[in-house]
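Step one of this worksheet: look at the structure below.
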Amino acid sequence: MKSEPHVYSFENLVNDKTTHWDGVRNYQARNFMRDKMKIGDFVLFYHSNHKPPHVAGVAKVHKEGYPDFTAFDSESKYFDVSSTPDNPRWIMVDIEAVTPLNSIVSLADLKENPELEDMLVVQRGQRLSVQPVDKRHFDEVLRMSGTTI
DNA sequence: GCCAACGTTGGC
DNA sequence: GCCAACGTTGGC
């Protein structure tokens, strides 16, 4: 899951313990949260729009997909008039912090590692804010970071 | 700041 | 259904 750290960082998540992943307005990303993310699944928390972009920590799913209530709030920047409580269009999950990486793994580090050449985040044009990670890729990122969970 | 790579919108 | 115009993401 990607977040711009000046908006919401992994450190914020550590302080908050859990957070709801609101504001996703992309159908593919929504579908991953709605259909694939189960309680206890591990998450790589990625800092985008940062120098350098990097994986910052590990989180896990705390609550499975449910309606993104910010879509119902006309005061919210994520308001969507076509999403209603009876027929919600957008879904979010809650995640909880597990651990920061022992050392961060930058996007350049990911791209340098041949083991990760198939990882989605290193593909060009890959903009999805929520994307699946193969277990072997997840394990390799943790190994690179010197982190055990 | 630039711009490639999208995804969405809406006229036709 | 096509596709041009537009907006956004996010690395560089």
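Worth a mention:
- All positions within region A:51-68 that are within 20 Å of A:R127 (Cα to Cα) and surrounded by fewer than 17 Cβ atoms within 10 Å (Cβ to Cβ): A:K51, A:P52
- Subset tally (residues that are assigned to a loop (DSSP other than H, G, I, E, B) and over 20 Å from A:T147 (Cα atoms)) for region A:1-14: 5
- Region A:15-54: number of residues that are hydroxyl-bearing (S, T, Y), over 10 Å from the mean Cα position of the chain (by Cα) and either more than 13 Å from A:E96 (Cα to Cα) or assigned to a loop (DSSP other than H, G, I, E, B) (or both): 2
- Annotation: of all residues in region A:111-149 being outside any loop (DSSP other than H, G, I, E, B) and within 17 Å of A:S3 (Cβ to Cβ), the one that is farthest from DNA strand B (Cβ to nearest atom) is A:V141.
- Meets criteria (farther than 28 Å from A:R136 by Cβ and either surrounded by 17 or more Cβ atoms within 10 Å (Cβ to Cβ) or aliphatic (A, V, I, L, M) (or both)) for A:S83: yes
Laboratory data are not the source of any read-out in this text; all were calculated from the coordinates shown. Note that the structure is a prediction, hence the values are computed from the model and not measured. Heads up, the Cβs are rebuilt from the backbone with ideal geometry, glycines too, and the neighbour counts pull from every protein chain shown.
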